[in-house]
Structure formats: structure tokens, C-alpha cells
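Contents: one structure, followed by commentary.
The values are calculated or read from the model by the stated rules, or taken from the named source; none is laboratory data. Everything numeric here is computed off the predicted structure, so don't read it as measured data. Neighbour counts run over all protein chains shown; Cβ positions are idealised from the backbone, glycine included. Note: accessible area is taken over every heavy atom of the protein model, side chains too, but ligands, DNA and RNA are not part of it. Shrake-Rupley method; radii C 1.70, N 1.55, O 1.52, S 1.80 Å.
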Amino acid sequence: MRSMTAMAIVSGLFACGGSTARGPNISAPLPQSATFAPGPAARPTTGVALPLGKCVNLANMLEAPSEGAWGRAFQDADATRIKQAGFATVRLPVRFSTHALAAPPYTIEPAFMARVHHVLDTNLAAGLNVILDMHHYEELFTDPSGNTTRFAELWRQVAEDFRGAPSSVWFELINEPNGQLKDSNLMAVLTPALAAVRASNPTRPVVIGGQNWSGIESLATVAFPNDPNIVATFHYYDPFEFTHQGAPWVNPVMPTGRKFGTAADNAQLIAALQQVTNFINRTGRVPFLGEYGAYDPIPEDQRVSYYHTITSAFASIGIQSCAWGYTNTFNLWRDATGWDQQLLTAITTTTTVQ
Ligand code: GLC
């Protein structure tokens, strides 16, 4: 069972100033039920933006301790089904760290690498872009400096293996830095890994998110290496007591019945938009929302409201998003009943993809 005690962080409300050129007018009265009109995808002046379009995470598949341990494994038919449902991109979380030698040369199990290749290639063949994300490297979070070399050497292998992949494959160095891996030491840990990637993939876009599970607050402090092909990301699961109510991997398990859409929830979301706008103004970078969502047992109407409100809110300032996550725990698709059509329709993205 996963434990995410420290993940139970909820964004505080931020005092906001007036509106900015790109940001929402946060001085307007807060609606009881917020509605947002999608805008065109924002363009960075620093770094690159990915033509994400509608995006979904292949959640709890290759990131589980072993594939199938946290829900069902990936099936080849998933890729075409996702493409046909209107998605342009999948984010593929992969736990390489438990499938590799602990000591030099940190060799990744060939069978696991082959499986990752197969899953990635199947999604590419379906016409999807793929974000290949290193996920759940727990030792990197408890002992960053002790794992910096191994982390880089894992990436050296992954990057070499995918050096021939088309330009629609993007790398994400590490999902949700947390624990001892903070923005203050993140660059020291990421720099050797990025160099290892660049040895074989000099220009492929590389995604980086900041500390505390890449929560919205990390946008104020995260820094980036000096590389033209970096993409910023963040995650949004606020209010956490809504999105993760009843989730067994949160310790303690939070009570169910919490609804979404109070005035405070809307204020929190509007503050988050301002935080993204501040980040864009500070860095010139346009981040994407790499994960958001609400646990499956939450009532349908509440989940629909959440997925719609979150995606359209971020789309209103030109930010694209990746839903968590397809068919495990935060289901959009169920093998027994098919797509949750209401949820599919609820997910909104920007009006242009680039
Ligand atoms: C993070 C975790 C993943 C979890 C998800 C939703 O991505 O790494 O395991 O399922 O958040 O809680």
C-alpha cells in the first residue's frame, strides 16, 4: 500500500494583486460556481511548449512496483482506444528504479526495458505523443546525493535506448520531487541526469517539475538548467481532501462526502491561476499541468465538475493538462463499461495546441 502522508498538502489562499496581461481578472467577484472559457495555448519566450492537446496519464501501470500490482496492466488496444477518444498525448509513468541494479553499472533489466519500449512504441504507432516519465524513484527522495549518479546512469540507458525515437517522444526527468529532494538541491541532482540524456538526445524536450510533488507553490521557487529544450510542469490536486477522499494510499485515509465547488475552492483555483501567471511572467516559460484528477469512487457528477472546472480554468490562461489517469484508480475508462463519456466530454483543453 502506498503511503502519501506528506502529500496531504493543500494550497493556501494567496493574496493576489490585480490582473496581468495574461492572467485572469482575480479582482472580479468570485462566482459560486466558476466557469472559464478556454483560451489559445500560451507561448513561451524561454524553453519550449509541447503540442500536448488532450492528454491522459497511463496511471498505475508501469509505475507500480510490478506492472499489474496497482490495477490492470497496459494492453495494446488501450493506445488506439485513447487516440480514438480524442487524446493527442499520453504521459507514461515508469518506475525504472526497482528494475535496475543497485550498484554500478546500474543496468536496467532488459525485459523491463523491452516492455517499456513496447508500450511506448504501441502508443506512438497509434499516433499519440508520449511523455516518458521516470516515476517513484523513492530512494532519490530520501537520499538525493547518494542516488544522483545512479539516477543519471538510469537516464543514460533510457535515453540511449530511445535515441532513435521520433520527436513526438519527450522525457520527464523525475515525477514529483518530494522529501529531501527540494528546489534547493534539485539542480545538483538533475544536472548530471540531463547531461546523460543530452549525450544521446541533444535536443529532445525534457520536462522538469519542482519540489513538494510539483504542487502549485513550487512554481514560485523551481529553477531550470541552461538548456533551450526544457519544459516546465506542475501538478494540481487541490482541494486534496476532495480529490483524494477515501484513497487508501493516503495516510490517514480522508473521509468521503467532501464536495467540490465551494466559494473557497473557487478562490483557491483562481489563486492558482495567478500563481501560474506569476511563473510565466517570472520565467517566460509556459508550464503544463501534468497531473490532476479525482479518485474514482467519488460520485460521478462531482468528478465531472472537477475535471471540467480544472481543465477549463487552466485552459483559460492557455495552459494544457494531462488527466490522471485512464483506467486505474482515477478511471476515465472502465473495462466493464467503457469510457466515462461525461468525463471525456468534461475535459477541456486550449483552443489551439501550440
Ligand atoms: C502521483 C503518484 C501516483 C498516484 C497519483 C494520484 O502521481 O505518484 O502513484 O496514483 O499521484 O494520487
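Show log10 I(q)/I(0) for the chain at q = 0.06 Å⁻¹, two decimals, from a solvent-free Debye sum over equal Cα scatterers. Values, matching the q order: -0.19. Simple spin-label estimate for Ala37 and Glu241 gives 3.5 nm between the two label positions (7 Å along the Cα-to-Cβ direction from each Cα).
Can you tell me how much longer the chain between Gln302 and Thr256 gets when fully stretched, taken as 0.36 nm per residue apart minus their C-alpha distance, in nm with one decimal? Let's see the in-between values first.
Details: separation 46, 0.36 × 46 = 16.56 nm, distance 1.21 nm.
15.4 nm is the gain from fully extending Gln302 to Thr256.
A full extension of the chain between Ala114 and Ala264 corresponds to an added length of 49.3 nm, given 0.36 nm per residue minus the alpha carbon distance. Measuring nothing but protein heavy atoms, the accessible surface of segment 55-346 at 1.4 Å probe radius is 55 percent carbon and sulfur. Simple spin-label estimate for Ala77 and Asp161 gives 2.7 nm between the two label positions (7 Å along the Cα-to-Cβ direction from each Cα). Each Lys and Arg Cβ is given +1 and each Asp and Glu Cβ -1; about its Cα centre, segment 261-354 then shows a dipole of about 420 debye. Full extension of the segment from Asp121 to Ala223, taken as 0.36 nm per residue of separation minus the current Cα-Cα distance, would add 33.5 nm. Averaged over its residues, the chain has an accessible area of 37 Å² per residue, based on protein heavy atoms and a 1.4 Å probe.
Seen against the Cα atoms of the chain and their longest principal axis, helix 110-125 is set at about 50 degrees.
The amide H of Gly39, built 1.01 Å from its N in the peptide plane, has Ser316, Ile317, Gly318, Thr351 as neighbours under 5 Å, considering only residues 5 or more places off or on other chains.
Here the spin labels are modelled as points 7 Å beyond Cα on the Cα-Cβ line, and at Arg334 and Ala103 they lie 4.9 nm apart. In sequence order, segment 58-75 has phi-based couplings of 7, 6, 6, 9, 7, 8, 5, x, 9, 4, x, 6, 10, x, 7, 6, 5, 10 Hz under the Karplus curve 6.51 cos²θ - 1.76 cosθ + 1.60, θ = phi - 60°, and Gly or Pro positions carry x. Antiparallel beta bridges, as assigned by DSSP with both residues in the chain, represent about 10 percent of the total such bridges.
Which trypsin sites (Lys or Arg not before Pro) in segment 188-286 pass both tests, a DSSP loop state and at most 16 other beta-carbon atoms within 10 Å?
Numbers: sites: Arg198, Arg258, Lys259, Arg282, Arg285; in loops: Arg258, Lys259, Arg285.
Those satisfying the criteria are Lys259.
How large is the dipole of the chain about the Cα centre if only Lys and Arg carry +1 and Asp and Glu carry -1, each at its Cβ, rounded to the nearest 20 debye? Don't skip to the answer; put the middle values down first.
Values: 22 positive and 27 negative charges, 143 e Å.
Around 680 debye, computed over the chain.
Computed from Cα atoms, the angle from the helix 144-161 axis to the main principal axis of the chain rounds to 80 degrees. Compared with the dominant principal axis of the Cα atoms in the chain, helix 263-283 is inclined by about 50°.
The shape of segment 178-225 can be summarised by an equivalent ellipsoid whose semi-axes, obtained from the alpha carbon gyration tensor, come to 22, 11, 8 Å from longest to shortest. For the listed peptides 79-92, 206-219, a ranking on the average number of other beta carbons within 10 Å per residue, highest first, reads 206-219, 79-92.
Applying 1/(1 + (r/R0)^6) with R0 = 41 Å to the Cβ-Cβ distance of Ala69 and Ala195, what FRET efficiency is obtained, to the nearest 0.05? Write down the numbers at each step before the final one.
Values: r = 33 Å, r/R0 = 0.80.
Plugging the Cβ-Cβ distance into 1/(1 + (r/R0)^6) gives 0.80.
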